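The values are calculated or read from the model by the stated rules, or taken from the named source; none is laboratory data. All of these numbers come straight from a predicted model, not from anything done at the bench. Backbone-built Cβ (ideal geometry, glycine too); neighbour counts: all protein chains shown. Remember, those area values only see protein heavy atoms, side chains included, never the ligands or the DNA or RNA. Shrake-Rupley method; radii C 1.70, N 1.55, O 1.52, S 1.80 Å.
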There are 2 protein chains.
Amino acid sequence: MVNWFKRSSGSSAAMEDYKEIDLSEYEGVAEEAAKMYIKVGKIASTNELPAIKKEVYGGNIVILDISLIKNDEIALNRVLRDFKQMAEDIRGDVAGVGEDQVILAPTSVKVDRTRILGRRI
Amino acid sequence: MVNWFKRSSGSSAAMEDYKEIDLSEYEGVAEEAAKMYIKVGKIASTNELPAIKKEVYGGNIVILDISLIKNDEIALNRVLRDFKQMAEDIRGDVAGVGEDQVILAPTSVKVDRTRILGRRI
């Protein structure tokens, strides 16, 4: 994970603040208790589906990089089928984003199919 | 947007369902009214910050590809500074994901800094 952000000591953030990288220092921005987490991961095998399922059924948003399995047709089909089933089970949403990502979202969250900026993801 | 998914006609999804690509057909999975949308975009200019701000202040999750401005130091700093300010304004969260993405989330949603799978995003 590239940490673009660094928590600045003051309210007027200097440009050089964004050069440094320490995400733990930046954690403080989300101070209130979260009702939902965005979990990010990169799936390398169908063996990892249970871990993903746990997050999805736990009510979290899951953003997965599927590039490692994209060229393995059997694994890809298995994974996409399971993602779809998970989304149906939780009455949530599932959508591909860009070439390599899939987003799974709980029932209260929907992936907007229109882009806010730009034509291609 | 690559549409990995296609809505199957029955409950037992056959593998070939995932070959075809028509996201509009798949929309039906998220049937309930969403409280929040995940908006995806690719920022090409600081002129697009107001559009992003509108989505963020509207309570949505915004996932932005910043690859187009990554090498323009002035634009990148401006954009990251504004993202951070937006997150502070809404008491939300902001985090970099991978090389090219930034996620902005409302106060009830937090980006988990630990990965569910894999070491690198």
Reported set for the range B:86-95 where residues are open to solvent by 10 Å² or more (accessible area, probe 1.4 Å) and at the interface with chain A (Cβ under 8 Å from one of its Cβ atoms) is B:E88, B:R91
Evaluate the following for A:V62: is it within 9 Å of another protein chain (Cβ to nearest Cβ) and among the β-branched types (V, I, T)?
-> yes
Members of the range B:40-50 that are touching a strand residue (DSSP E or B) at 6+ places or on another chain (Cβ under 6 Å) and open to solvent by 30 Å² or more (accessible area, probe 1.4 Å) | B:K42, B:E48
Checking B:E99 against (1) modelled with pLDDT of 95 or more; (2) facing chain A (nearest Cβ under 9 Å), which test does it fail?
-> (1)
Restricting the range B:102-119 to residues that are open to solvent by 10 Å² or more (accessible area, probe 1.4 Å) and more than 7 Å from every other protein chain (Cβ to nearest Cβ), which is nearest to B:V40 (Cα to Cα)?
-> B:P106
Out of (1) over 18 Å from B:Y37 (Cβ atoms); (2) out of contact with any Asp or Glu (no Cβ under 7 Å at 6 or more places or on another chain); (3) open to solvent by 10 Å² or more (accessible area, probe 1.4 Å), the one B:I69 does not meet is (3)
